[in-house]
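Everything on this sheet refers to the single structure shown next.
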Amino acid sequence: MERRLRRAEWLGLAIVFAVILLIVLWPTPVDRPYDSALRHTLVHLHADGFPRWIDYDFVETSANVIMFAPLGALIASVAMPRLWWSSGVLGLTLSLAVEFTQAEFLPQRFASASDLAANTSGALLGGAVFALVRFARGGRRAQDQRHPHTPRPSDG
């Protein structure tokens, strides 16, 4: 069972990595077909009282964080528990490579420090959330092993 889970984690990591590469190395910005529709929607939402700080840049930055969060979680899942932070280091490394590639080889793409920060933050956030969940579950398991007959509140 453990071996099958490890294989699934590595497979998930490979798939997420491939999808990220497909998105960030696409010759043109992947949001280009939706750019005007999103901006138009935000204008109408702002007119109806939606917070103005949620603008196109905010949506784009959030999308970068969200895109890299699963990568960070999967890196943390295959790393040793104390090395969860490596998700941020590897996210930074990947993002540096991506931004360099966009700047040098993809003239319609735009390399930016804000993308670098958002991508790295997403990977680190994903790794941190995974580590916290692993820690919480591990702590509960350790308590159950010490006191196997003590019901937890969720056992009802």
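The values are calculated or read from the model by the stated rules, or taken from the named source; none is laboratory data. Quick caveat, the model's predicted, so the values are computed rather than measured. Heads up, the Cβs are rebuilt from the backbone with ideal geometry, glycines too, and the neighbour counts pull from every protein chain shown.
Numerical summary
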{"item": "Check on Phe58, loosely packed, with under 13 Cβ neighbours inside 10 Å and assigned to a helix (DSSP H, G or I)", "result": "no"}
{"item": "Pairs, first hydrophobic (A, V, I, L, M, F, W, C) in segment 104-125, second surrounded by 19 or more Cβ atoms within 10 Å (Cβ to Cβ) and not in a helix (DSSP H, G or I), C-beta under 9 Å, six or more apart", "result": "none"}
{"item": "Odd one out for Gly88, checked against (1) out of contact with any Phe, Trp or Tyr (no Cβ under 9 Å at 6 or more places or on another chain); (2) surrounded by fewer than 20 Cβ atoms within 10 Å (Cβ to Cβ); (3) over 15 Å from Ile23 (Cα atoms)", "result": "(2)"}
{"item": "Residue in segment 118-130 that is in a helix (DSSP H, G or I), surrounded by fewer than 19 Cβ atoms within 10 Å (Cβ to Cβ) and modelled with pLDDT of 95 or more present", "result": "yes"}
{"item": "The listed residue being buried (at least 17 other Cβ atoms within 10 Å of the Cβ), in a helix (DSSP H, G or I) and modelled with pLDDT of 95 or more, out of Ile66, Ile20", "result": "Ile20"}
{"item": "Test set (1) surrounded by 14 or more Cβ atoms within 10 Å (Cβ to Cβ); (2) part of a helix (DSSP H, G or I); (3) not β-branched (Val, Ile, Thr) - Ala14 fails condition number", "result": "(1)"}
{"item": "Residues located in segment 42-98, provided they are under 13 Å from the mean Cα position of the chain (by Cα) and of a type in the set (D, E, K, R)", "result": "none"}
{"item": "Flag if Tyr56 is farther than 24 Å from Arg7 by Cβ, without any contact (Cβ under 8 Å) to a residue 24 or more places away in the chain and touching a Lys or Arg at 6+ places or on another chain (Cβ under 9 Å)", "result": "yes"}
{"item": "Qualifying residue in segment 29-48 (condition: of a type in the set (Asp, Glu) and in a loop (DSSP other than H, G, I, E, B))", "result": "yes"}
